[in-house]
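The values are calculated or read from the model by the stated rules, or taken from the named source; none is laboratory data. Quantities reported herein were computed from a predicted structural model and do not represent experimental measurements. Using ideal geometry, Cβ is built from the backbone for each residue, glycine included, and neighbour counts are taken over all protein chains shown. Just so you know, the surface numbers come from the protein's heavy atoms only, side chains and all, with ligands and any DNA or RNA stripped out. Shrake-Rupley method; radii C 1.70, N 1.55, O 1.52, S 1.80 Å.
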Amino acid sequence: MADYLHTKEYFLKLVAASICGDTAPTAPEDIDYSQLARLAFSNSVQTVLYLSVKDKKPDSFPEEHYKKLRTSYMTNLMREASQSEESAELREIFTAENIDFMLLKGSHLKALYPVSEMRFMVDMDILVREKDLERARDIVLSRGYHLKMNNSKDIVLIKEPFLTVEVHKSLFTEEYFMHGYFANVWERAEQTDTNEYKMSANDLYVYTLAHLTEHYTSAGSCFRPMMDLYLMEKRIPSLNFEYITEQFRTIGIEKFAQNIRQLCKCMFEGAPKDKTMEIMENYIVLGPPVKNADVASKAATSQKSKAKRIFETAFPNFKHMALKYPLLKKAPFLLPAYWVIRLFSYLFSSDKSVVRHRKGLISSNKNDADIMQSIFKESGL
């Protein structure tokens with residue numbers, strides 16, 4: 001573990017130098033490049049690492065890991081070009097169809113980086129008004145995409161080999177405690193064109209940290225939002241932290257937001273770290289210290305028993321089922337039959353994420369939930 005922590009420190013220095021456009025620091029002689037590459041991939045910053053070492057790759061850097069980094073970088077370049085072209089065309093089509101839209105997250109944040117591919121987007125997030133959701137979905141489907149998922153927040157559509165569009169009707173699910181605050185995102189937004197809107201810099205900072213909070217409490221990926229927040233504060237001098245702090249106070253995450261802001265300085269500027277900062281940094285960079293962390297985190301933030309969570313996984317409510325099986329809207333009496341269909345698909349699915357969740361739900365224990373709960377409490381949540 002000590003070696004991993006040593007590698008982590010150098011990894012953070014490399015990332016900080018790369019996203020700030022600085023010269024990469026010299027690697028310690030005993031650095032483990034295999035661990036370094038694993039950290040890059042687990043935190044989805046392989047392009048950042050590749051760009052920081054490609055001009056002076058150390059002889060001791062394993063060729064197999066370097067090739068994987070380079071392949072990932074080239075894939076991201078192609079994805080970036082495809083997304084840029086697709087985004088421009090969707091802008092034109094939505095405007096022609098009089099659909100108000102708002103591009104989210106990476107579409108605006110990538111401009112903060114030395115090169116846009118450092119902040120590649122896994123998917124393109126587009127918010128539309130609820131009344132336009134189905135029209136927007138049909139437009140994307142007509143461009144060769146297929147439906148992957150439809151939930152109470154967004155519709156996920158995929159076009160091989162690497163284009164994913166998420167059409168949002170809201171920023172958070174109705175059940176999530178932040179949903180109410182972000183329900184008026186359209187009223188806060190700035191209109192930039194006939195049908196295009198965007199968040200102000202202040203509100204983009206608030207949303208980015210709120211989105212990180214959701215990932216943090218569900219054991220999701222948090223590293224890239226940390227880079228976003230750091231660069232926003234570093235490169236957008238107009239940010240009004242009096243306003244921003246008031247919004248966090250209203251949402252109920254003020255203490256966590258304060259800790260995240262300080263952690264950015266620890267991770268990317270080398271500021272001193274206390275116990276809280278160490279715990280949060282290790283959680284974000286190295287990952288949760290328990291198996292099946294997504295299930296454990298859900299147990300840690302829920303008052304429901306394990307039996308209740310298993311039951312709800314097996315038999316979701318009608319609203320959730322109708323999103324997955326639209327026929328139920330016309331024939332609600334078929335709900336029991338579709339429960340059986342869904343349960344069989346869940347139990348026998350070979351999808352890695354489903355298999356992981358299924359095993360985690362069954363094997364989760366109170367100790368893991370307690371560990372996650374203590375991390376969240378220490379973090380200010």
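Considering each residue of the stretch 272-321, count those that are at pLDDT below 65, assigned to a loop (DSSP other than H, G, I, E, B) and open to solvent by 80 Å² or more (accessible area, probe 1.4 Å), and give that number.
The number of residues fulfilling the criteria is 2.
Need the failing condition index for Tyr197 against (1) in contact with a helix residue (DSSP H, G or I) (Cβ under 6 Å, 6 or more places away or on another chain); (2) at pLDDT 95 or above, just the number.
Unmet for Tyr197, out of (1) in contact with a helix residue (DSSP H, G or I) (Cβ under 6 Å, 6 or more places away or on another chain); (2) at pLDDT 95 or above: (1).
Which condition number in (1) part of a helix (DSSP H, G or I); (2) among the small types (Gly, Ala, Ser); (3) open to solvent by 10 Å² or more (accessible area, probe 1.4 Å) is the one that Ser218 fails?
Exception for Ser218: condition (1).
Applying the selection to the stretch 136-166, what residues are touching a helix residue (DSSP H, G or I) at 6+ places or on another chain (Cβ under 9 Å), closer than 16 Å to Met102 by Cα and among the basic types (Lys, Arg)?
Result: Lys153, single match.
Can you go through Thr213, Thr250, Thr192 and tell me which one is over 25 Å from Lys298 (Cα atoms) and out of contact with any Pro (no Cβ under 8 Å at 6 or more places or on another chain)?
Within the list Thr213, Thr250, Thr192, the selection yields Thr192.
Residues of the stretch 15-36 being buried (at least 17 other Cβ atoms within 10 Å of the Cβ), of a type in the set (Gly, Ala, Ser) and at pLDDT 90 or above, which ones?
Residues satisfying the conditions are Ala16, Ser18.
If you go through the stretch 361-370 one residue at a time, do you hit one that is at negative phi, modelled with pLDDT of 85 or more and under 25 Å from the mean Cα position of the chain (by Cα)?
Looking for residues that are at negative phi, modelled with pLDDT of 85 or more and under 25 Å from the mean Cα position of the chain (by Cα), one finds at least one in the stretch 361-370, hence yes.
Find the residue count for the stretch 42-67, including only residues that are open to solvent by 40 Å² or more (accessible area, probe 1.4 Å) and under 22 Å from Cys222 (Cα atoms).
Total satisfying the criteria: 1.
Quickly run through the stretch 68-83 and pick out the residues that are among the charged types (D, E, K, R) and surrounded by 16 or more Cβ atoms within 10 Å (Cβ to Cβ).
Answer for the stretch 68-83, where residues must be among the charged types (D, E, K, R) and surrounded by 16 or more Cβ atoms within 10 Å (Cβ to Cβ): Lys68, Arg79, Glu80.
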